[in-house]
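*Asks:* My questions will all concern the structure given below.
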């Protein structure tokens, strides 16, 4: 089995939540994004991004040598990941400047920072597309990493802007979240079925299914959030902020557990110096 690397779990999940928030702010800015929500969203996304970058340093044997990564951009996804997230951080700093200079153009900086964050997420995922790890040598890392961003970003932003976001827009965000949760379940089932064609893949699936944490992830990360999100649709009542907060917390814990299992369950892998 693989090894459990908490710095990598925190780095990947927190950075993807940050990117997801920026993406939603860009989408909202096409319609109506109030200054108060823009400020709150930028500050929270930056908190996640800074926490992610700090977590990544705990995985480096020599953090002071991280700058050397830029010399391998042409051949290393790890180098591209480092550069893309540093550029994303630079983009976030500009968004922070805009927060304190109301009236400045937000759309273009939001778009550029979103693209940089997506490229960083792509680079993170591509690190794990490895021939020596059959369970990862496919599109699964990209699917899992991007789903975290596009699932958690709307949920976190919806709770941050519960009062500022128009009802129609909030409903769109929640419907999108329901779709992402369902897609996450279906894609995992397809993934588990697909990788069992070899011994390593079968061992990976067995590690998932035999772990109690996987079933905790199924309940609190998928089923409970779906129940909370779908129930109001039947009654046509708005989801209360307390229930929405519970959805965010449960889904977030589910993504952390899922990412932990992603590393731990992979058969025959030993993770060495990553970001």
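*Asks:* Using only alpha carbons, build the gyration tensor for region 163-243 and give me the equivalent ellipsoid semi-axes, biggest first, whole Å.
*Replies:* 34, 13, 9
*Asks:* Moving on. Given points 7 Å out from each Cα along the Cα-Cβ axis, report the residue 90 to residue 223 separation in nanometres with one decimal.
*Replies:* For the pair residue 90/residue 223, the computed spacing is 4.8 nm.
*Asks:* Let me ask something additional. Using alpha-carbon pairs under 8 Å, 6+ residues apart, how would you state the relative contact order of region 6-265 in percent?
*Replies:* Numbers: 306 pairs, mean separation 57.3, N = 260.
Normalised by residue count, the contact order of region 6-265 is 22 percent.
*Asks:* Note the full-extension length gain between residue 242 and residue 39 as 0.36 nm times their separation in residues minus their Cα-Cα distance, in nm to one decimal. List each step's numbers first, then the result.
*Replies:* Working: separation 203, 0.36 × 203 = 73.08 nm, distance 2.20 nm.
Result for the pair: 70.9 nm of gain on full extension.
*Asks:* Between 141, 154, 232, find the one with the highest GNM mean-square fluctuation for the chain; connect C-alpha pairs within less than 10 Å.
*Replies:* 232
*Asks:* Sticking with this one: Taking the Cα atoms of the chain alone, what are Rg (to one decimal) and Dmax (as a whole number) in Å?
*Replies:* Cα only, the chain: 18.8, 58 Å (Rg, Dmax).
*Asks:* Of 77, 215, 136, how do they rank once you tally other Cβ atoms within 10 Å and put the fewest first? If you can, show how the numbers build up before the last one.
*Replies:* Working: 77 18, 215 13, 136 25.
So the residues, fewest neighbours to most, are 215, 77, 136.
*Asks:* Name the residue, out of 172, 45, 79, whose mean-square fluctuation peaks in a Gaussian network model built on the chain with Cα pairs under 10 Å.
*Replies:* Residue with maximal mean-square fluctuation among 172, 45, 79: 172.
*Asks:* Within a 10 angstrom radius of the beta carbon, how do 228, 194 rank from fewest other beta carbons to most? Display every interim value, and only then the final one.
*Replies:* Values: 228 18, 194 14.
Starting with the residue having the fewest Cβ neighbours, the order is 194, 228.
*Asks:* In what order do 184, 104, 18 fall by count of nearby beta-carbon atoms within 10 Å, going from fewest to most?
*Replies:* Numbers: 184 21, 104 12, 18 32.
Fewest-to-most Cβ neighbours within 10 Å comes out as 104, 184, 18.
*Asks:* So if I take the centroid of the Cα atoms in region 202-237 and the same for region 20-53, what is the distance between those two points in Å?
*Replies:* 27 Å
*Asks:* With the radius of gyration and the Kirkwood radius both derived from the Cα set of region 1-60, what is their ratio Rg to Rh? Mind dumping the intermediate values first?
*Replies:* Working: Rg = 14.2 Å, Rh = 12.4 Å.
That ratio is 1.14, to two decimals.
*Asks:* Along Cα→Cβ, 7 Å out, is where each label goes; now give me the distance between the ones at residue 186 and residue 162 in nm to one decimal.
*Replies:* 3.1 nm
*Asks:* Can you show me the helix-derived [θ] at 222 nm for the chain, built from DSSP H runs with n ≥ 4 at -39,500 (n - 2.57) apiece and divided by the number of residues, rounded to the nearest 500. If you can, show how the numbers build up before the last one.
*Replies:* Values: 10 runs with 193 residues, N = 275.
When only DSSP H runs of four or more count, the value is -24000 deg cm²/dmol.
Read-outs throughout are calculated quantities, based only on the coordinates presented, and are distinct from any laboratory measurement. From a predicted model like this one, the values you see are computed outputs, not experimental measurements. Here the Cβ is made from the backbone with ideal geometry for all residues, glycine too, and neighbour counts use every protein chain on show.
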